[in-house]
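The values are calculated or read from the model by the stated rules, or taken from the named source; none is laboratory data. Note that the structure is a prediction, hence the values are computed from the model and not measured. Please note: Cβ atoms are built from the backbone with ideal geometry, for glycine as well, and neighbour counts cover all protein chains shown. Heavy atoms of the whole protein, side chains included, go into the accessibility calculation; ligands, DNA and RNA do not. Shrake-Rupley method; radii C 1.70, N 1.55, O 1.52, S 1.80 Å.
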Amino acid sequence: MKRMVNPAVYFNDLFSGKLKNSGWLKSTGSLVNQQPGPLSIMVRKEVADHIRSWRFIVLLALLLLTFIATMYVSLTNLKAAVANENDPDRLFLYLKLLTTSDGSLPTFHIFVSFLGALLGISLGFDAVNAEQNNGTMTRLMAQPVYRDQLLLSKFLGALTIVSALFLSLALLMIGAGLLITGVSLEAEEFFRIMSFVVLTVLYVGFWLALSILFSVKFRQATTSALTAIGVWLFFTIFYRIVISMVVKGFFPDPVYLSEADVLWYNNLLLDLLRLAPSQLYTDATTTLLMPSVRSLGPLTVEQMAGAIPKPLPFRESVLIVWPQVCGLVAAIAVCFTLTYYWFMRREIRS
């Protein structure tokens, strides 16, 4: 026979919260406020730390100044871009705000390919080693927290800040265009701009994951920061030069090749260049923001015969850039795999 419980003790436990997660409350369907998990708490803490940090404020000011400058140049030359009859994308007014320039400044998506990498590196180069150097890693790991939750909180906290930043800039651009031009935003333009935001977040997320990887590998924050910046400089400046020299050194002059060999030569060169994250990002953003782009590789005369210079639908542009998107996601997954491997094998107390 089940032992009877004193009603006074039962209600005392009920109001003190001991029966909050009991099976009786779940069976009666009572609504109990669940406490947030450790991952969500750590993500909130990381977001708050990034917002209050000076380096994020400096980078935010730099991005805002870049955005204002590029938008001013685009709005100044917007009338000439829209009036160009030879441009099949002239009717996409809001896409022209992101791709129009007079040559004095690069367009905004070109600027992002440079500044986005610096933003990701600055938010993650001391994500783990700073905790260990300050002595807070041991106390943090003494709590009921998994190591993968710590890494995820570092990544998701910074990625939340980056997503909110670029989404705000996109909405600000759309709002400014509505106020200045008075032209309504088409649905296809909205989808393309939001796809550009998602792609930018993935691009910054790769550099963030790479910088977190170096913060786990190296104990000193300066070493991880310099290594990440060195990788960025290599892929941004020197990688194209190295690939061109290697390909020209091992292959004959294209002047003496047939048309099929030249096509194969150019495809090989593009495939090697697309190992760089910046090249993947540039190819994908160019296709999304310029609907008339039909291919990211060389085309033969037979393929161009009968082609009408007409913008592609949004779905077709997404299919073209899907390999680039998968490449960025795969690069992020590789960085996280190495980060988990090194961090799980590390002795925290040392």
Run the simple label-point estimate for Arg52 and Leu338 please: 7 Å along Cα→C-beta, distance reported in nm. 3.3
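Taking only protein heavy atoms into account and a 1.4 Å probe, give the accessible area per residue of the stretch 172-295 in Å².
Here the residues of the stretch 172-295 average 49 Å² of exposed surface.
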Simple Cβ-charge dipole of the stretch 80-152, Lys/Arg +1 and Asp/Glu -1, about Cα centre, in debye nearest 20: 280
Once you place label points 7 Å from the Cα toward the Cβ at Tyr265 and Ala69, how far apart are they in nm? 3.9
Taking a quarter of the surface of the Cα convex hull of the stretch 173-229, what do you get in nm²? 5.3
Does the stretch 44-93 classify as rounded, prolate or oblate by the C-alpha gyration tensor (a ≥ b ≥ c root eigenvalues; a/c under 1.5 gives rounded; else a/b over b/c gives prolate, otherwise oblate)? prolate
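If you roll a 1.4 angstrom probe over the protein chains with everything in place, what fraction of the accessible area of the stretch 100-206 belongs to carbon and sulfur, to the nearest %? Walk me through the intermediate numbers first.
Values: 2960 of 4370 Å².
The nonpolar share, carbon plus sulfur, comes to 68 percent.
Determine the shape class of the stretch 121-211: with a ≥ b ≥ c the square roots of the Cα gyration tensor eigenvalues, call it rounded for a/c under 1.5, and otherwise prolate if a/b is greater than b/c, oblate otherwise.
Prolate is the answer for the stretch 121-211, as a/c is 1.5 or above and a/b outweighs b/c.
Classify the stretch 61-189: rounded, prolate or oblate, from the alpha-carbon gyration tensor (a ≥ b ≥ c, eigenvalue square roots; a/c under 1.5 rounded; otherwise prolate if a/b is larger than b/c)? Don't skip to the end; give the middle numbers.
Working: a/c = 3.83, a/b = 2.78, b/c = 1.38.
Judged from the Cα gyration tensor, the stretch 61-189 comes out prolate (a/c at least 1.5, a/b above b/c).
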Given a Förster distance of 41 Å, the FRET efficiency implied by the Cβ-Cβ spacing of Asn77 and Thr138, rounded to the nearest 0.05, works out to 0.10
Based on the mean of other beta carbon atoms within 10 Å per residue, what is the order of 276-286, 158-168, most packed first? 276-286, 158-168
Could you work out the equivalent-ellipsoid semi-axes for the stretch 200-255, taking the square root of 5 times each eigenvalue of the Cα gyration tensor, largest first, in whole Å? 32, 14, 8
Evaluate the charge dipole of the stretch 169-255 about its Cα centre and quote only its size in Debye, nearest 20, assuming +1 on the Cβ of each Lys and Arg and -1 on the Cβ of each Asp and Glu. 520
Protection proxy ranking of 207-213, 106-112, 84-90 - average other beta-carbon atoms within 10 Å, highest first: 207-213, 106-112, 84-90
Summed side-chain charge close to His50 - residues other than His50 whose Cβ falls under 13 Å, Lys, Arg +1, Asp, Glu -1: +2
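Please list 221-228, 263-270 highest first by mean number of surrounding beta-carbon atoms within 10 Å per residue. Mind dumping the intermediate values first?
On the way: 221-228: 18.5, 263-270: 14.6.
Top of the packing list down: 221-228, 263-270.
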Rounding to the nearest 20 debye, state how big the charge dipole of the stretch 113-208 is about its Cα centre with +1 on each Lys and Arg Cβ and -1 on each Asp and Glu Cβ. 300
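Tell me, what is the Rg over Rh of the stretch 107-264, with Rh the Kirkwood radius over Cα pairs?
Details: Rg = 21.4 Å, Rh = 18.9 Å.
When Rh is taken as the Kirkwood radius, the ratio is 1.13.
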